[in-house]
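Below you'll find the structure, written out as structure tokens, and then a few comments.
The values are calculated or read from the model by the stated rules, or taken from the named source; none is laboratory data. Here the structure is a predicted model, which means the values were calculated and not measured. FYI the Cβ positions are ideal-geometry reconstructions off the backbone, even for glycines, and counts take in every protein chain you see. SASA here: full protein model, heavy atoms, side chains in, ligands and nucleic acids out. Shrake-Rupley method; radii C 1.70, N 1.55, O 1.52, S 1.80 Å.
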Amino acid sequence: MRKITWGTALVALVLGGMSAPAAARDGVPHIVAGDEAGLGRGIGYAQAKDRLCELGMIFLGVRGELARHLGAGAAGENLASDVAARDLIDRGVVERIVAKAPPVGPSAKVRALVRGYVSGYNRYLVEGGTSECGGASWLVPIREIDIYRYMYQGGTDGLNRGLAGIVAATPPNRPDQPTATPAPPPERGSNAIATGPEATRGGGGLLLANPHVPWRGPASFWQARLTIPGTMDLDGVQMIGAPITATGYTRNTAWTGTVASTVTYSLFELKLVPGDPASYLVDGEPERMTERRVTVDVLGTPVTRSVWHTRYGPVLTSMSVNAWLGGQQRQDLPWTTERAYALADANAQTMRGPNAVAEFGTARTVEDIRRALRDHGGASTFNELAVDREGGILLAGYQGVPHVTDQHARTCNTELGHALWDSHRLPVLDGSRTRCALGTDKDSLVPGTFGNHRMPVRTAKDYLTNSNGSLWLSNRERPLTGLPRIFGDEGRAQTARSRMGLDLIRKRLDGGDGYGPAGFTVAGAWNLVLSNRSMTGELAAADTAAMCRSFPGGRARTSAGATVDVRRACAAVAAWDRRNDTTSRGALLFDRFWARVTKSGVNPWRTPFDPADPIGTPNTLDTADARIRTAFADAVAALDKEDIGPEAPLGEHQYVFHDNRRIPLHGGPDTAGVYNLLHTTKNPETGHPVVTDGTTFLMAVRFSGKRCPEVRTLLASGQSDRDAGQTRMFSGKRWLPGRLCDVDQARH
């Protein structure tokens, strides 16, 4: 086994470790150090060894140099990204935050981890790492500010959603800026279930973590065991490029995050000065926008664009918002001679997330985790779920949230604001009145945000859960009510995946899922997440099959006006097992059909939502709706065009390609309500599928009073592109044991 030592850090590349039920070489390093700086050095070095080219691209992006080395991009996406990054740099935003004391600026622990990470990454470059990416000239040493900028960008969801509209914004009396629109930000989600002694078989606490992040690139995961002897010993995953363990466990606690449904940004509608669309009125007085000219290098040619700022934030002409019950859609915000729109991100003035999460590795109880979140301002855009060895469980929603009460929204929303508040909980406040500015509490970390005393915090003896939906149903039997609506919907329809999670929990607590007696175990939790049931399939597949059989002569008309033979499709949907296993036949057709239904924006259900039955409603497919019938015909026609039979097993067309072999993958899309989420796209060069996001790190941890918890983990995406061992294990629904008390690793 290779060992790398320097200073106070030791990186032991642990390649052994027995899985249950099979052996695997998992490539997960064990980093031992005397302090946080030493841990950071080990993480930086080992991440660079596994993922150098991805990391180099990430740091190229935060420096605003993508277009310099790679060109503007096919759709101008590199140019747009660079304009936003350079504007951030030119204004010194992150530098000002880093210069401040915690909790606004980085804590001493975060500073040490970042300082060490930079040292370790740069050392790997010195040892010849640049040759791995074809000698790319853009692989250069990094600085601490690069890490901070990356972490800042990861915590500002509103700015990410508005990036395209920010860089495209220009007054109506000027020609449009020829900056193309980047793709919407990648989906990030997650499932998590924490069970206490009343729901865990045999007592104790159990955590199931099922985060959904990209498999490669920014925000993707990498795993390590981290040890400071006598102080900390944990196993978990970090997002590459940041030395903070996002999901993990120790001998005392286990934790994970889920992207919150809380809206962490707001819009302001600006009333413009007649004849001057670059000025706006506030209480009747004109105020000039600030035009910042940003110059970026595009393959050696300087290109200059303008970014416009107001007292509220940058002007934008569009942004990506969450669509009805899943997915994203573009919201246009045109800049006219009468009005414009500005974006206020509640996390734009702090770096609150890393400080809190960096404390979790030394927590002994869930109360320690709650205290870290409270004292450090929360986790930006994430809920945190945790359990401890005493059986305590926690769900905490400490985040940066715009201070918009329901009353404030009613009083200050514009006409567009009332519409978006009702549909998306997105406020669009009247920027022409100072009394419509964001409020502030006495305990707000920064002005314009809710204070800690407003944040949702829950403990329980049975269970707590979240699947990126409202915290209203974090415990079905004891709903959480009374929060400002910007935190999440109450009494409204939930996403299909949230409904599936609640149903899976109900059946596990009743023992009705076929995985043994009632109550949660590590094995039962593992089987739960990998059962691959499709919520939408269970609700709509039978109706879909009946609709299919109703097409005259077995032929349906597509949106292009053609007809397609659907007889085989009818049989495939009828016989489908309503799961997204690799062997499931009909799942591929149904998922593509339902994706079209969702994209159409139609409400597909005849039976409306009933708050008394949030799992079972809405239901009953509206098969008379022509848009739904057309969506089915289009899905069948698309498969025909690819020469794919409607009864083809899912794993034949949902896979990753590695070493000239296909690794079939189970799981399914968010809109279909598959708990084990998986989204793929097609590589246009190879024609093979590529996983964009979905189940990445699987972890089940149970504290039963023994010295070491019972643990299963699996990094489905793998540590690097060179090793697909854990991806193959994911394909076979196998796992790796916990590492903290693993005999083989201890011997190393």
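Count, please, the residues in segment 686-708 that happen to be closer than 23 Å to G391 by Cβ, open to solvent by 20 Å² or more (accessible area, probe 1.4 Å) and touching a strand residue (DSSP E or B) at 6+ places or on another chain (Cβ under 6 Å).
Of segment 686-708, the ones closer than 23 Å to G391 by Cβ are 698-708.
Remaining after also requiring open to solvent by 20 Å² or more (accessible area, probe 1.4 Å): 702, 704-708.
Now restrict to residues that are touching a strand residue (DSSP E or B) at 6+ places or on another chain (Cβ under 6 Å): 702.
Qualifying residue count for the region: 1.
In segment 269-345, counting only strands (runs of 3 or more DSSP E) that sit wholly within it, the ones holding 2 or more residues that are under 26 Å from the mean Cα position of the chain (by Cα) span 318-322, 328-332, 339-345. For V602, the criteria (1) at pLDDT 95 or above; (2) in a loop (DSSP other than H, G, I, E, B) hold in every case but one, which is (1).
For residues that are in a loop (DSSP other than H, G, I, E, B) and of a type in the set (V, I, T), scanning just segment 464-505, find the one that is nearest to S423 (Cα to Cα). Lay out the reasoning, then the answer.
Looking only at segment 464-505, we keep the residues that are in a loop (DSSP other than H, G, I, E, B), and these are 467-470, 474-484, 488-495.
Going one step further and asking which of them are of a type in the set (V, I, T), we end up with 481, 495.
Working: T481: 19, T495: 14 Å.
Taking the candidates together, the pick is T495.
In segment 605-629, of all residues being touching a helix residue (DSSP H, G or I) at 6+ places or on another chain (Cβ under 8 Å) and in a helix (DSSP H, G or I), the one that is farthest from G537 (Cα to Cα) corresponds to R627.
Of the residues G73, G92, only one is open to solvent by 10 Å² or more (accessible area, probe 1.4 Å) and farther than 30 Å from G718 by Cβ; which? Lay out the reasoning, then the answer.
On the way: G73 fails: farther than 30 Å from G718 by Cβ.
Exactly one of G73, G92 is open to solvent by 10 Å² or more (accessible area, probe 1.4 Å) and farther than 30 Å from G718 by Cβ, namely G92.
There is no residue in segment 13-32 that is of a type in the set (D, E, K, R), over 23 Å from the mean Cα position of the chain (by Cα) and either under 18 Å from P141 (Cα atoms) or modelled with pLDDT of 95 or more (or both). If you filter segment 505-518 down to residues that are under 18 Å from E477 (Cα atoms), touching a residue at least 12 places away in the same chain (Cβ under 8 Å) and open to solvent by 10 Å² or more (accessible area, probe 1.4 Å), you find that the one that is nearest to the chain's Cα centre (by Cα) is R506.
Of all residues in segment 63-81, those that are part of a loop (DSSP other than H, G, I, E, B) have Cβ atoms under 7 Å from Cβ atoms of residues that are of a type in the set (K, R), 6 or more apart or on another chain, in G64/R86.
Of the residues D82, D157, only one is more than 25 Å from Q399 (Cβ to Cβ) and surrounded by 19 or more Cβ atoms within 10 Å (Cβ to Cβ); which?
Working: D157 fails: more than 25 Å from Q399 (Cβ to Cβ).
Among D82, D157, only D82 is more than 25 Å from Q399 (Cβ to Cβ) and surrounded by 19 or more Cβ atoms within 10 Å (Cβ to Cβ).
Being within 19 Å of M500 (Cβ to Cβ) and at pLDDT below 95 is a property that T607 lacks.
Residues that are in a strand (DSSP E or B) and of a type in the set (D, E, K, R) were ranked within segment 229-254; the one that is least open to solvent (accessible area, probe 1.4 Å) is D235. Figure legend. Inter-residue proximity from segment 422-434: first residues over 15 Å from L343 (Cα atoms) and polar (S, T, N, Q), second residues modelled with pLDDT of 95 or more and in a loop (DSSP other than H, G, I, E, B), beta-carbon distance below 6 Å, spacing 6+ or different chains. Indicated pairs: T434/D283. Applying a threshold of 6 Å to beta carbon distances and a minimum spacing of six or more residues, or different chains, the list of pairs starting in segment 84-98 at a residue that is under 10 Å from Y152 (Cα atoms) and ending at one that is hydrophobic (A, V, I, L, M, F, W, C) reads I97/M351.
Could you tell me whether segment 542-560 includes any residue that is touching a helix residue (DSSP H, G or I) at 6+ places or on another chain (Cβ under 9 Å), surrounded by fewer than 18 Cβ atoms within 10 Å (Cβ to Cβ) and under 25 Å from I193 (Cβ atoms)? Within segment 542-560 (the criterion being touching a helix residue (DSSP H, G or I) at 6+ places or on another chain (Cβ under 9 Å), surrounded by fewer than 18 Cβ atoms within 10 Å (Cβ to Cβ) and under 25 Å from I193 (Cβ atoms)), the answer is no, since none of the residues qualifies.
Can you give me the number of residues within segment 653-674 that are farther than 20 Å from N210 by Cβ, part of a loop (DSSP other than H, G, I, E, B) and touching a residue at least 12 places away in the same chain (Cβ under 8 Å)? Steps first, answer last, please.
Within segment 653-674, the subset farther than 20 Å from N210 by Cβ is 653, 655, 657-662.
Within this subset, residues satisfying the condition of being part of a loop (DSSP other than H, G, I, E, B) are 653, 659-660.
Cutting the leftovers down to touching a residue at least 12 places away in the same chain (Cβ under 8 Å) gives us 653, 659.
Selection size over segment 653-674: 2.
Please determine, by comparing only the residues of segment 447-463 that are surrounded by fewer than 17 Cβ atoms within 10 Å (Cβ to Cβ) and part of a loop (DSSP other than H, G, I, E, B), which one is nearest to the chain's Cα centre (by Cα). Ranking the qualifying residues of segment 447-463, first place goes to G451.
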